[in-house]
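Some notes on the structure that comes next.
Every read-out reported here was derived from the displayed coordinates using simple, explicitly stated rules and does not represent laboratory data. Model, not experiment: these values are computed from the prediction.
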Amino acid sequence: MNQPETPVVDCHFHIFDAGPAAPSARYRPPYAATLPDWRLLAGALGDPFGVVVQTSFLGTDNSALLAALRAMPARLRGVAVVDPDVSDAALRELDDAGVRGIRLNLYRDPGWQRIGTAPWRALFARIAALGWHVELHTDNGDGSAVLTALDGVLGESGVPVVLDHFGRPGAAGVADPVFSVAAAVRARRQVWVKFSAPYRLVAPGAWRELAQRWLEVAGADRLLWGSDWPWTNHEAGERAGECGETSRWPGTAPPEASLNEALRWRNAAALYGFAIAPGTAD
């Protein structure tokens, strides 16, 4: 008999059409990223589940994300982008569709300290009431300052924080202060880290050292894997192979098989609320 496929949860990929970008967008890929194309990638790595993350160039128009979630409700969850004035009805619609967090894309954003203003504090309180998390994306080396501020803004709410793309440490690598800040923040809330997009790092080849450091700081039960598909601004033939390599990262904590299982699907099932039973189908 054939062995049942091992589940894999891609915790970071994007869906979009070939239409126009939001007015504030820095760029817009000239192609569409579709669910069937994503399934080809993820399906080569295991029995695929996924988390659709709202891409920056679509702004707060989450319609493509919602369509994807509704097309595969048992297999997909979402992370949306919203403004503080988003209505309660819109948040309920997102929640009902499978959204489980909001993304703060503060990459090269000089006005990022707005997250400490009253409207954003009110939004975070609403996010807490939904049981959602906040996903944080910064430029390389900015994570420690932004995470410190975000933790202060979230206060005693207990809202979890998810760090995109290895937390984007700077040139200091494993000595970057984002690791010590994350260790301190863990005393107040869950801190999750996505192993994704090593090509966006200062030193892409050092991702294994960063992964090992995050294992020590965040713990084996707070690590997630993501493809970052379709690798916008970094499209290349080797990307699919890199996705397979990062998804199979074993670390050094025994037993390695258990750690890899946690990275590939067990942790994601806990954070995003997937009902995953290995070896079974929809």
Check: For region 7-272, what's the relative contact order in percent, using C-alpha pairs closer than 8 Å and at least 6 residues apart?
Finding: 17
Checklist line | Rg/Rh for the chain, where both radii come from Cα atoms and Rh is the Kirkwood radius | finding: 0.93
Note to self: For region 7-272, give me the percentage of DSSP beta bridges that are antiparallel, rounded to the nearest 5 percent.
What the structure shows: 5
